[in-house]
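Mind having a look at this structure? Questions to follow.
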Amino acid sequence: MYLAYNTINRQRHYFIRQTEFIDGVYVSRELMSLGSDPSSYIVYPGGNSFYIHEHVEENLNSQGVIPDYDLLEKIFWPFVRHDIRRSLRGFFSRDGSSRPSVELNAQEEDFIRNHLHPVDRRRYNYLRIGELDQSRLTSIPSRFYRPLAFKSRDELEHLFLDMETRLEPHELSLYVYSFLYLRRFFSEIIAGRMPQGLDPKKLEDFFIREICGLNNDDLFWKGEQKSYDLHPYLIRYVIMFFDYPLASESFLHEHIQDFIAGTRQRFSSFPPKKPAFSQDEASRIMGVTFKNLHSMSKKELTRVFRSRVMKMHPDKGGDHDRFIKLMEIYKTLLKRKI
C-alpha cells in the first residue's frame, strides 16, 4: 500500500492505493479515498500518542486487504500533528532507503536487472547520491535499488514525487539533466560537471526529444495508461527544466570553486582570490556595455554569461585567466541584483 494524490478542481485529494501483479504486469489499484484532509482519520487519545481511525481498516478489509498497521502509520505520518511528529521522530523510521543492506532474493534480482527502467535507476541515483555525471555509476550493486522493486508505475512516480520534495531549487534542472542523461549528446568535457556552459538551444532540443521519447516509451508506462499529450507525471520535469535555469547562483558558485581549486595544482602563478575590475574590463569580458550590464535582470545577465562561457571556457580553447575573470565578474554582478 502507498499514499497517492492528484488534483481535483484545483485541490489536492489523497488516496490509498496498492500495487498488484496481474497478467505479468505490476498495476495500481485504488483502495480508499482519503479526501482532501487525511488528518481527519487520525485520532489523538492524549499525550504524544495517535492511532488511525478504525474506519480506515474496516474500509480496507472490505476491499479484501488486511493492512499492516506500521504501513498505515507510514502512510498517515505526514498528516500527524507537527508537535507529535517532532516528539516521536526518533522512534519512527520513515525512509525505506535506510533498510539494512542484505542480499537480494532471486525475484528481486531479476526485477532490478531486467525490469527496472534506466530512467528510474538514474532518478534514484541522483536523489540518493547527488551525482550529476551518471556515466560513472554503472557498477552500483542491485541491492541499492531494492526500494524500487515490485512497484507499479504509479507507485514509483509517487515515491519519486516524495523524494523530489527534498531537492533545492538550484538542483531541479540538474536533476532532469542527470536522469535524462543529456550529457551523452555532448562531447565537451564540461558536459559532465558544468552543463550550464553548454549550448542552451541544443540542450533544450535534446531535452524535448528525450522527454517526448519517454512519454511514448511502452516499457516505461508498462501497467499504466499512456497519454497522447504529455503525461501528467512528466509535466513537472518540463517545469523543473525551464523554470529553474542551470546557471543558478549557488550551482555556479560550487563549480567556480571546483574550477579554481583544480587550477591551483596546474598553475604556479594563481590570480588573486578577489581581484578588482573596472567597468571597461567588465564590458570587454562580458561583451556588453557596463550600462547594459547594470540594467539587466538576473535572468538576462545569466543568459549573457552562458553565451560567454561557451566561447571562453578553457575546454573550448579559451584563455584560462580571462575565464577566471569572467566567473568573478559574473558572480559580483549577480550579487548586486539579489
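What residue, of K311, K337, K316, is surrounded by fewer than 20 Cβ atoms within 10 Å (Cβ to Cβ), modelled with pLDDT of 80 or more and of a type in the set (D, E, K, R)?
Unique residue meeting the criteria: K311.
Please work out which one of (1) out of contact with any strand residue (DSSP E or B) (no Cβ under 6 Å at 6 or more places or on another chain); (2) at pLDDT 95 or above; (3) not small (G, A, S) is the condition V25 fails and give its number.
(2)
Just one of (1) over 23 Å from H13 (Cα atoms); (2) modelled with pLDDT under 90; (3) assigned to a loop (DSSP other than H, G, I, E, B); (4) not aromatic (F, W, Y) trips up L88, so point out which.
Exception for L88: condition (3).
Shifting gears a bit: In the stretch 136-173, how many are over 28 Å from E20 (Cα atoms) and in contact with a helix residue (DSSP H, G or I) (Cβ under 7 Å, 6 or more places away or on another chain)?
Summing the residues that are over 28 Å from E20 (Cα atoms) and in contact with a helix residue (DSSP H, G or I) (Cβ under 7 Å, 6 or more places away or on another chain) in the stretch 136-173 gives 5.
Filter the stretch 96-121 down to residues that are among the β-branched types (V, I, T) and at pLDDT 90 or above and give me whichever is nearest to E164 (Cα to Cα).
Step by step, filter the stretch 96-121, then rank; the result is V119.
May I ask you to verify whether L219 is exposed (fewer than 12 other Cβ atoms within 10 Å of the Cβ) and at pLDDT 90 or above?
yes
Still on this structure: Can you find a residue that is within 25 Å of the chain's Cα centre (by Cα), in contact (Cβ under 8 Å) with a residue 12 or more places away in the chain and not in a strand (DSSP E or B) anywhere in the stretch 1-23?
yes
Looking only at residues that are assigned to a loop (DSSP other than H, G, I, E, B) and either modelled with pLDDT under 85 or not β-branched (V, I, T) (or both) in the stretch 61-85, which one is surrounded by the fewest Cβ atoms within 10 Å (Cβ to Cβ)?
Top of the filtered list is G64.
Being surrounded by fewer than 21 Cβ atoms within 10 Å (Cβ to Cβ) and in contact (Cβ under 8 Å) with a residue 24 or more places away in the chain is true for just one of I129, I211. Which residue is that?
Being surrounded by fewer than 21 Cβ atoms within 10 Å (Cβ to Cβ) and in contact (Cβ under 8 Å) with a residue 24 or more places away in the chain holds for just one of I129, I211, which is I211.
The values are calculated or read from the model by the stated rules, or taken from the named source; none is laboratory data. Since we're looking at a predicted model, the values are computed, not measured. Cβ coordinates were reconstructed from backbone atoms using ideal geometry, including for glycine residues, and neighbour counts include every protein chain displayed.
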